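Report on the structure given below.
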Amino acid sequence: MNTQSDDQPLTIALTKGRILQDTLPLLARCGLNPVEDPEKSRRLIFESKRPGIRFVLLRGADVVTYVRQGAADAGVVGKDMLLEYGAAGLYEPLDLGLAKCSLQTAGFAAGRKDGTRLRVASKFVNVARSFYAAKGVQADIIKLYGAMELAPMLGLVDEIVDIVDTGNTLRANGLVPFEHIADISTRFVVNKAAMRTRHALLTDIIGSLGAVSESS
Ligand code: AMP
């Protein structure tokens with residue numbers, strides 16, 4: 001495990017994209033924001049306005065890996081990534097309440113044929129496998145990387161497991177939600193070893209982020 005020592009800056013991994021857009025105002029309200037706007041730069045590492053802290057920008061799945069391995073001390077990542085890639089080795093002290101959505105199964109309104117082996121497409125293959133196994137439904141899970149709604153339309157699968165916010169994307173493609181799997185929101189996560197070695201600073205950051213996320 002590669003946990004950073006005290007003379008190193010504290011490294012916080014941020015998830016790029018939609019989550020970053022929502023996280024930056026929260027960081028700004030704690031005086032932690034990056035010195036430069038990450039959305040207008042091609043850099044991947046940014047100093048924080050607060051000395052001794054830096055940010056790295058990653059995809060959500062990689063945030064989980066960096067924080068788990070201790071290459072980043074903490075991270076901001078969607079619960080969907082924690083469910084899919086595993087939260088062992090991490091503390092999850094804060095629900096930032098950002099980018100709220102849910103993980104659902106969805107398919108054609110005609111519903112599921114009983115007794116047949118289901119074909120299911122998802123980016124979240126581990127979540128999907130556990131969900132159907134827990135229900136005792138036999139399912140072949142196919143990993144796809146995007147445009148999940150296309151898979152039932154073209155007959156690749158019977159249903160999908162996907163992120164749903166308003167449900168507009170499902171409706172626009174003739175699909176309906178079946179079952180709710182989990183509520184999703186953005187979490188602040190901390191490497192377990194870093195929580196011991198950098199306790200004062202991390203506790204301070206968790207307190208500040210907690211206070212501003214509760215008041216928003
Ligand atoms: P909607 O049409 O509002 O249900 O949004 C569905 C699509 O938007 C999904 O297929 C996701 O790709 C994306 N999406 C919506 N909310 C989120 C979120 N909080 N995090 C990641 N992707 C999201």
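Structure values in brief
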| read-out | value |
| --- | --- |
| For the stretch 59-129, alpha-carbon Rg over 2.2 N^0.38 Å | 1.41 |
| Helical contribution to [θ] at 222 nm, DSSP H n ≥ 4, -39,500 (n - 2.57), averaged over the chain, rounded to 500 | -9500 deg cm²/dmol |
| Segment residue 109-residue 138, extension gain: residue separation times 0.36 nm, minus the distance between their alpha carbons | 8.4 nm |
| Inter-probe distance in nm under a simple model that places probes 7 Å from Cα toward Cβ, at residue 95 and residue 176 | 2.8 |
| Environment charge at residue 94 (Cβ cut-off 11 Å; Lys +1, Arg +1, Asp -1, Glu -1) | -2 |
| Difference of contour (0.36 nm per residue) and Cα-Cα distance, residue 88 to residue 168 | 25.4 nm |
| Prolate/oblate/rounded label for the stretch 1-151 (Cα gyration tensor, a/c 1.5) | prolate |
| Stretchable slack from residue 183 to residue 28, in nm (0.36 nm times residue separation minus alpha-carbon distance) | 53.2 nm |
| Highest-fluctuation residue, 51, 34, 152 considered, GNM on the chain with Cα pairs under 10 Å | 51 |
| Gyration tensor (alpha-carbon) shape descriptor, the stretch 134-207, a/c threshold 1.5 | prolate |
| Simple spin-label estimate for residue 49 and residue 37 in nanometres, 7 Å along Cα-Cβ | 1.4 |
| Degrees, to the nearest 10: 125-135 long Cα axis against longest axis of the chain | 50 |
| Alpha carbon convex hull of the stretch 101-182, projected area averaged over orientations, nm² | 4.8 |
| In degrees, nearest ten, helix 18-29 long axis to first principal axis of the chain (Cα) | 30 |
| With Cα atoms, 0 to 90° folded angle of helix 199-215 axis to the chain main axis | 60 |
| Rounded, prolate or oblate (a/c below 1.5 giving rounded, otherwise prolate when a/b exceeds b/c) for the stretch 65-216 by Cα gyration tensor | prolate |
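Read the figures in this text as sums done on the coordinates, not as results from a lab. A quick note: this is a predicted structure, and the numbers were derived from the prediction, not measured. Cβ atoms come from the backbone with ideal geometry, glycine included; neighbour counts cover every protein chain shown.
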